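The next block holds one structure in the form of structure tokens; read it before the comments.
The values are calculated or read from the model by the stated rules, or taken from the named source; none is laboratory data. Fair warning: this is a prediction, and the values are worked out from it, not measured in the lab. Cβ placement follows ideal geometry from the backbone for every residue including glycine, while neighbour counts extend to all protein chains displayed. Just the protein is used for accessible areas: all its heavy atoms, side chains included, with ligands, DNA and RNA removed. Shrake-Rupley method; radii C 1.70, N 1.55, O 1.52, S 1.80 Å.
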There are 2 protein chains.
Amino acid sequence: MKVERCLENPLLVPADVKPSRPDFKVDGIFNCGVAKYKGEIILLCRVAESVICENEDEVKIPVVIKKDGKDVLDIITYHKKECPELDFSDSRHVDRKSGKKSKVVNLTSLSHLRVARSTDGVHFTVEESPSILPISEEESWGMEDPRITQIGDVYYINYTSVTENGAGTSLISTKDFQTYERHGIIFAPENKDVTIFPEKIDGQYVAFNRPVPGGIGNPEMWIAKSPDLIHWGEQKHFCGLSNEDENGWDNGRIGGGAVPFKTEKGWVKIYHAADKNDRYCLGAFLLDADDPSKVLAKTAEPILQPETDYEKKGFFGNVVFTCGCLLKEDTVIIYYGAADDKICRVDIRLEDIFNAMK
Amino acid sequence: MKVERCLENPLLVPADVKPSRPDFKVDGIFNCGVAKYKGEIILLCRVAESVICENEDEVKIPVVIKKDGKDVLDIITYHKKECPELDFSDSRHVDRKSGKKSKVVNLTSLSHLRVARSTDGVHFTVEESPSILPISEEESWGMEDPRITQIGDVYYINYTSVTENGAGTSLISTKDFQTYERHGIIFAPENKDVTIFPEKIDGQYVAFNRPVPGGIGNPEMWIAKSPDLIHWGEQKHFCGLSNEDENGWDNGRIGGGAVPFKTEKGWVKIYHAADKNDRYCLGAFLLDADDPSKVLAKTAEPILQPETDYEKKGFFGNVVFTCGCLLKEDTVIIYYGAADDKICRVDIRLEDIFNAMK
């Protein structure tokens with residue numbers, strides 16, 4: 001498959017982002033929702049920040065807490081030597097070494113959402129300060145991986161809302177990317193990678209979602225319906241993993257990817273999958289226009305996989321991960337997170353995607 | 001606390017149930033939803049059955065599959081010696097010994113729902129055949145732990161719907177316990193122990209649910225809202241576990257229990273919790289009448305715990321687990337599953353429950 005990575009890649013890197021506080025550093029700008037608004041292309045970016053820490057024996061954790069009725073930032077300091085029960089080896093989280101409770105004790109970074117704007121779709125300016133900050137009640141551990149679905153003049157933003165109680169999905173709406181209305185947690189944890197279709201189908205809204213069951217089952221795609229975008233039901237399993245024993249690119253986890261778009265042949269859904277070594281690639285489904293739970297065709301091989309240096313190396317390497325794309329004439333413009341710390345763009349002709357499907 | 005276990009306990013045992021097929025045996029009748037209908041007390045029981053297997057080297061697994069467009073029973077036979085990659089040591093399921101995919105490969109039994117009727121609330125007659133059979137699409141691995149919420153003249157039955165893709169919660173309604181209407185999966189896996197309040201509160205239906213997140217988080221109670229009982233959102237974390245290091249009775253998992261009922265003081269919610277050794281007990285919350293996410297009081301100690309022989313020993317011992325209760329004057333009549341294979345009854349005075357709350 002012919003894919004045209006943007007020559008300016010990566011389009012956005014941590015150095016392009018002003019930290020939200022003087023004691024923070026930006027670890028990543030990645031996994032962005034995509035929208036067109038008043039002649040501009042808007043990326044609503046996940047910005048991950050951590051606390052600047054000079055002392056190697058310490059780990060400082062940023063969380064949002066409620067204090068005197070207000071949401072404030074709290075910093076938890078671990079002195080590694082004094083915490084033999086904890087495992088600090090993963091750059092992304094602090095883990096419990098044993099016990100029946102949740103393994104993850106804290107995330108090392110806190111993510112918020114921030115708007116970047118462009119007129120040409122290549123050169124983006126990141127706003128000086130966060131556009132949407134996490135609140136303690138819904139996402140004390142951060143807001144991750146937003147998707148934007150435009151319905152009429154309203155932009156619906158769903159994102160992973162993380163607390164110590166799990167990673168669920170919340171919904172926010174905006175008409176102007178200035179003021180935002182919250183609609184609460186729409187999917188209980190663990191459920192990420194939600195993508196909402198941009199129109200009602202057979203009288204109802206439809207969304208992919210990716211529960212991760214604690215017991216039976218795997219991280220796979222489900223499809224749900226809603227009368228109002230806020231309350232969801234009629235869940236159906238949509239697509240599973242390939243066989244674990246095979247060296248497939250999608251035998252570890254599979255999830256939502258970009259918001260689906262409509263073509264003459266049906267809905268096109270760019271999704272992501274990871275193998276058992278957590279190498280993330282992108283693929284595509286063609287879905288029935290009237291019943292998107294029906295798969296008409298699917299790409300057998302990834303349409304994008306980590307190949308360049310900026311995709312292979314970063315905060316968490318070997319990752320290409322999309323939350324949104326735009327269709328421009330016969331070309332799909334995919335914005336994607338590379339190695340969990342940068343934003344990149346790749347253009348693929350729609351016809352090439354169709355030709356790669358079986 | 002003074003609890004009056006019914007002298008006739010256990011009220012129902014596997015021998016009271018006619019298997020649904022000649023090649024099946026009944027492993028348990030337990031965890032029943034409770035309703036009043038036309039002067040009778042109805043228990044909608046979980047009946048777990050397995051395949052009669054004379055050969056100790058074999059394990060036979062019953063599942064529902066789609067064949068030629070129809071749901072039929074399929075029996076998978078494992079020859080233990082030929083499956084070194086599998087673990088058959090747990091009586092409840094067959095497990096994978098290693099690998100990244102879901103550990104559970106199959107359940108050893110298949111559960112359906114069956115009505116039992118009584119005029120005195122003590123002596124029950126179990127119907128000769130299943131009342132609701134699992135269908136392949138929603139619960140190829142069985143239907144478990146039903147709760148019944150009566151709203152007007154409609155009885156809403158939610159239950160755990162299990163497939164190889166996980167244990168979610170589905171909804172069925174009936175007006176007569178003869179014909180049943182399906183409303184699909186209302187909570188994606190893993191989410192069990194759902195209990196729906198019997199009236200709208202502040203304009204919306206409300207339900208407890210108990211997601212089990214695969215990553216961050218623990219098996220704890222959440223509370224959600226719905227306009228129509230079929231689509232749910234506005235999820236909030238409701239109650240967590242006690243500290244793992246303490247010898248608490250609720251430091252392993254906590255879940256829905258019985259459908260809440262209204263009193264002059266507020267909603268009373270009998271719930272269950274297990275410690276880290278999977279010993280299941282019952283407790284009670286008192287919740288604000290207008291906002292049941294607010295806990296007014298809670299029992300510090302269990303109101304019922306496994307003490308008798310029939311609670312300590314069975315298919316899975318040391319379990320008391322309720323899906324429904326009835327309020328009769330000043331007494332709460334709790335029907336509960338004992339040791340995952342029998343149905344029992346205990347009566348507790350409401351005032352005693354209130355007095356045990358802090």
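In a DSSP loop and with at most 15 other Cβ atoms within 10 Å, the trypsin sites (Lys or Arg not before Pro) in the stretch A:287-340 are A:Lys294, A:Lys313.
Label the stretch B:151-206 by shape, choosing from rounded, prolate and oblate, from the square roots a ≥ b ≥ c of the eigenvalues of the Cα gyration tensor; if a/c is under 1.5 it is rounded, and otherwise prolate applies when a/b is larger than b/c, oblate when it is not. In terms of gyration-tensor shape, oblate. Three principal axis extents describe the C-alpha atoms of the stretch A:119-270; from largest down they are 47, 44, 36 Å. Using the Cβ-Cβ distance between A:Arg117 and B:Lys97 with R0 = 45 Å, the FRET efficiency computed as 1/(1 + (r/R0)^6) comes to roughly 0.30.
In this rough spin-label picture, where each label sits 7 Å from Cα along the Cβ direction, the B:Gln204-B:Leu86 distance is 4.4 nm. Quick one: compute the contact order of the stretch A:154-205, relative version, from alpha carbon pairs under 8 angstrom and 6+ residues apart, as a percent. The value is 32 percent.
Note: relative contact order over chain A, using C-alpha pairs below 8 Å and six or more positions apart, is 15 percent.
Accessible area per residue was computed with a 1.4 Å probe on protein heavy atoms; B:Met1 scores about 100 Å². Label points for B:Lys262 are taken 7 Å from Cα along Cα→Cβ. From this copy to the others they lie 4.4 nm apart, shortest first. Note: relative contact order over the stretch B:237-358, using C-alpha pairs below 8 Å and six or more positions apart, is 19 percent.
Look at the dipole of the stretch B:63-130 built from charges on Cβ: of B:Thr125, B:Leu73, B:Ser89, the Cα furthest out on the positive end belongs to B:Ser89. Mean residue ellipticity, 222 nm, helices only, the protein assembly as shown: the sum of -39500 (n - 2.57) across DSSP H runs of n ≥ 4, divided by residue count and rounded to 500, is -500 deg cm²/dmol. Sorted from greatest to least, the principal axis extents spanned by the alpha carbons of the stretch A:171-242 come out as 41, 27, 20 Å.
Classify the stretch A:241-294 from the C-alpha gyration tensor, please: rounded if a/c falls under 1.5, else prolate or oblate depending on whether a/b exceeds b/c. Note, shape of the stretch A:241-294 comes out prolate. In the context of the full set of protein chains, the stretch A:3-139 has a per residue accessible area of 50 Å² (1.4 Å probe).
Inverting the pair-averaged 1/r between distinct Cα atoms of the stretch A:84-169 gives 15.2 Å as its Kirkwood hydrodynamic radius. Around the Cα centre of the stretch B:269-312, unit charges on the Cβ atoms of Lys, Arg, Asp and Glu (plus for the first two, minus for the last two) sum to a dipole of about 100 debye. A point 7 Å from Cα along Cα→Cβ stands in for A:Arg92, and the other copies hold the same point at 2.9 nm, listed in rising order.
Note on the stretch A:46-128: Cα-Cα pairs beyond 14 Å make up 72% of the total pair count.
By the Cβ distance rule (another cysteine Cβ under 4.7 Å), the unpaired cysteines of chain B are B:Cys6, B:Cys53, B:Cys83, B:Cys239, B:Cys281, B:Cys323, B:Cys325, B:Cys344. Panel note: the C-alpha atoms of chain B, placed on their principal axes, show extents of 60, 47, 43 Å (largest first). Sorting B:Asp120, B:Asp68, B:Asp352 by solvent-accessible area of protein heavy atoms yields B:Asp68, B:Asp120, B:Asp352, largest first, with a 1.4 Å probe. Among the trypsin sites (Lys or Arg not before Pro) in the stretch A:85-161, those located in a DSSP loop and surrounded by at most 11 other Cβ atoms within 10 Å of their own Cβ are A:Lys97.
Coupling constants for the stretch B:222-230 follow from the phi torsions by the Karplus curve (6.51 cos²θ - 1.76 cosθ + 1.60, θ = phi - 60°), and in residue order they are 10, 10, 10, 10, 8, x, 9, 6, 9 Hz; glycine and proline get x.
Per residue of A:136-142, other chain Cβ atoms within 10 Å of the residue Cβ number 1 on average. Return the loop-located GluC sites (Glu not before Pro) in the stretch B:1-75 (DSSP other than H, G, I, E, B) with at most 13 other Cβ atoms within 10 Å of their own Cβ; answer none if there are none. Those satisfying the criteria are B:Glu8, B:Glu54, B:Glu56.
Amide hydrogen proximity for B:Ser131: with H placed 1.01 Å from N in the peptide plane, the residues at 5 or more positions away or on another chain lying under 5 Å are B:Leu113, B:Arg114, B:Val115. Looking down the axis that turns chain B into chain A, the chain B residue with its beta carbon nearest that axis, and the gap rounded to whole angstrom, comes out as B:His231, 2. Between copies, B:Asp278 shows label-point distances of 2.9 nm, shortest first, with the point placed 7 angstrom from Cα along Cα to C-beta. The mean number of partner chain beta-carbon atoms within 10 angstrom of a residue's beta-carbon across peptide B:163-172 is 5.
Taking R0 as 60 Å, what FRET efficiency do you get between B:Asn355 and B:Lys70 from their Cβ-Cβ distance, rounded to the nearest 0.05? For B:Asn355 and B:Lys70, the calculated efficiency is 0.60. Remark on the protein assembly as shown: hydrodynamic radius 26.7 angstrom, per the Kirkwood mean of 1/r across alpha carbon pairs. Here the calculated FRET efficiency for B:Leu327 and B:Asp278, from their Cβ-Cβ distance with R0 = 22 Å, stands at 0.15, rounded to the nearest 0.05. Divided by 2.2 N^0.38 Å, where N counts the residues, the Cα radius of gyration of the stretch B:1-104 comes to 1.44.
Projected label points at A:Gln178 and A:Ser129, each 7 Å from Cα along the beta carbon direction, are separated by 1.5 nanometres.
Per residue, the convex hull around the alpha carbon atoms of the stretch B:236-328 comes to 109 Å³.
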